[in-house]
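Mind having a look at this structure? Questions to follow.
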Amino acid sequence: MPNVLDIKRRIRSVINTRQITKAMKMVSAAKLRRAQERAMSARPYAQMMTNVLKSLVSRAEIYDPVTGQPHHPLLIKREEKNVLVIVVTGDKGLAGAFNTNINKAATRFLETKTGKNVDIECVGRKGRDFLRRRFPAATVQTAQLEQLLVHALDEPDGTTLPAEPKNRIAPVEVIGEHVGVLAKVEYARVHALANSIMDRYIHLEIDSVYVVFNEFKSVIAQRLVVDQILPIEQIGEDVVRMAEEASAEERLRRAEAAKTAGIPLQEPADASESTFGTKKVDYIYEQPPDQLFRALLPKYVTNQIYRAMLESVAAEHAARMTAMDSATNNASDMIERLTLVMNRARQAKITKEIIEIVSGAAAQ
């Protein structure tokens with residue numbers, strides 16, 4: 001039987017650990033509220049833009065009447081030979097299986113692209129570390145990529161210079177690292193990244209773009225998805241190439257953690273923006289519809305990547321809150337078990353001492 005003093009030390013250690021996990025849970029809950037507000041506040045703008053583009057599709061000449069090919073290069077579909085995958089993970093751990101599940105989903109998706117050239121853009125430290133251990137870095141240096149992003153920020157029209165073509169050293173290469181971006185998601189940085197990707201697509205360097213992230217609708221409504229960003233097949237419709245739903249047990253754990261932290265399980269939906277621009281009315285635009293469509297389509301692609309990052313941040317905080325809630329509950333259960341063991345050890349010690357006293361008295 002272990003010593004009572006050792007058990008007391010272990011109980012104090014577990015109590016201190018429980019205080020830390022409980023504090024981390026409350027911090028994650030506070031960050032989740034802010035991240036959820038940012039993700040929700042960005043949705044009306046995205047929905048409005050989507051509805052305006054849908055309205056312009058019926059008024060603008062999107063496709064060539066002779067060849068049937070789209071006028072805008074972001075709508076052109078090509079044979080998929082060169083693929084770009086954006087993997088959005090977290091920068092920190094202690095979030096349960098959040099980062100591991102995204103890395104596994106990205107690996108499974110990459111297996112479906114066997115025989116094709118795949119470039120990977122890593123957003124987040126955990127995904128960067130995981131993918132760099134498995135795939136080599138591209139010959140395009142990080143300094144050149146940063147120079148392209150700085151150029152995108154400096155250009156008033158948001159255009160970027162294409163990177164110089166380099167010889168590939170492997171079918172799958174890591175071409176970009178974006179660590180620390182998710183600490184505070186800034187639209188300017190996402191805009192620069194999106195412009196560099198669209199520039200590569202327009203210059204025929206890549207044939208399709210996918211983003212792997214954790215989609216966040218609410219605390220309990222989350223799933224791992226692989227969305228196709230380019231080419232744009234249908235405006236306003238997410239082209240999901242792969243999706244993994246959370247288990248019922250996981251959703252129950254999220255609901256319990258959110259309830260104890262005071263986080264609402266469902267966000268009220270605003271249906272007003274979903275009907276804007278969809279009525280069969282002949283709107284009068286200041287610019288020609290074709291010009292508006294060409295100007296708004298790149299913003300639509302940028303917003304898709306921006307949404308993926310915002311929702312991934314919210315999902316990460318939700319996962320960390322759930323993990324810390326489970327750790328706190330496990331610590332409480334361990335304290336109860338150790339307290340029971342300590343009481344038994346103390347009782348056994350007292351019983352042994354009583355037996356020794358009785359035995360000594362009987363011997364006299």
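Output the residues belonging to the range 191-206 that are closer than 19 Å to Glu311 by Cβ and surrounded by fewer than 22 Cβ atoms within 10 Å (Cβ to Cβ).
His191 - this is the single residue of the range 191-206 that is closer than 19 Å to Glu311 by Cβ and surrounded by fewer than 22 Cβ atoms within 10 Å (Cβ to Cβ).
Being of a type outside the set (Val, Ile, Thr) and at pLDDT 75 or above, is that true of even one residue in the range 260-279?
Yes, the range 260-279 contains at least one residue that is of a type outside the set (Val, Ile, Thr) and at pLDDT 75 or above.
Taking the criterion of being surrounded by fewer than 16 Cβ atoms within 10 Å (Cβ to Cβ) and of a type in the set (S, T, N, Q), would at least one residue in the range 279-289 satisfy it?
There is at least one residue in the range 279-289 that is surrounded by fewer than 16 Cβ atoms within 10 Å (Cβ to Cβ) and of a type in the set (S, T, N, Q).
Among the residues of the range 193-231, write down those that are of a type outside the set (A, V, I, L, M, F, W, C), assigned to a loop (DSSP other than H, G, I, E, B) and in contact with a strand residue (DSSP E or B) (Cβ under 6 Å, 6 or more places away or on another chain).
Correct list: Asp207 only.
Of everything in the range 97-136, what is open to solvent by less than 60 Å² (accessible area, probe 1.4 Å) and under 30 Å from Thr17 (Cβ atoms)? Give them in sequence order.
Within the range 97-136, Ala97, Phe98, Asn99, Ile102, Asn103, Gly124, Gly127, Arg128, Asp129, Phe130 meet the criteria.
Being over 16 Å from Ala308 (Cα atoms) and among the small types (Gly, Ala, Ser) is the filter; apply it to the range 168-190 and report the residue that is most open to solvent (accessible area, probe 1.4 Å).
Checking each candidate, the answer is Ala170.
Does Met324 qualify as being touching a residue at least 40 places away in the same chain (Cβ under 8 Å), open to solvent by less than 30 Å² (accessible area, probe 1.4 Å) and either in a helix (DSSP H, G or I) or touching a helix residue (DSSP H, G or I) at 6+ places or on another chain (Cβ under 6 Å) (or both)?
yes
How many of the residues in the range 14-30 are touching a residue at least 40 places away in the same chain (Cβ under 8 Å), open to solvent by less than 80 Å² (accessible area, probe 1.4 Å) and either farther than 21 Å from Leu338 by Cβ or not charged (D, E, K, R) (or both)?
8
Of all residues in the range 76-93, how many are hydrophobic (A, V, I, L, M, F, W, C) and either assigned to a helix (DSSP H, G or I) or at pLDDT below 90 (or both)?
1
Identify, by number, the condition in (1) under 22 Å from Tyr306 (Cβ atoms); (2) buried (at least 16 other Cβ atoms within 10 Å of the Cβ) that Pro73 doesn't meet.
Result: Pro73 fails condition (2) only.
Would you point out the residue of the range 210-243, among those that are out of contact with any Phe, Trp or Tyr (no Cβ under 6 Å at 6 or more places or on another chain), in contact (Cβ under 8 Å) with a residue 40 or more places away in the chain and β-branched (Val, Ile, Thr), that is most open to solvent (accessible area, probe 1.4 Å)?
Applying the filter and picking the extreme gives Ile220.
Note down all Cβ pairs under 9 Å where the first residue falls in the range 59-88 and is farther than 28 Å from Ala105 by Cβ, the second is of a type in the set (D, E, K, R) and open to solvent by 90 Å² or more (accessible area, probe 1.4 Å), and they're at least six residues apart or on different chains.
Every condition considered, the pairs that remain are Arg59/Asp282; Ala60/Arg294; Pro70/Lys77; His71/Glu61; His71/Arg294; His72/Arg294.
Mind checking whether some residue in the range 349-363 is open to solvent by 70 Å² or more (accessible area, probe 1.4 Å) and small (Gly, Ala, Ser)?
yes
The values are calculated or read from the model by the stated rules, or taken from the named source; none is laboratory data. Not measured: the values here are computed from a predicted model. Glycine gets a Cβ as well: all are built from the backbone with ideal geometry, and neighbour counts include every protein chain shown. Ligands, DNA and RNA are stripped out before the accessible areas are found, and what is left, the full protein with its side chains, is counted by its heavy atoms. Shrake-Rupley method; radii C 1.70, N 1.55, O 1.52, S 1.80 Å.
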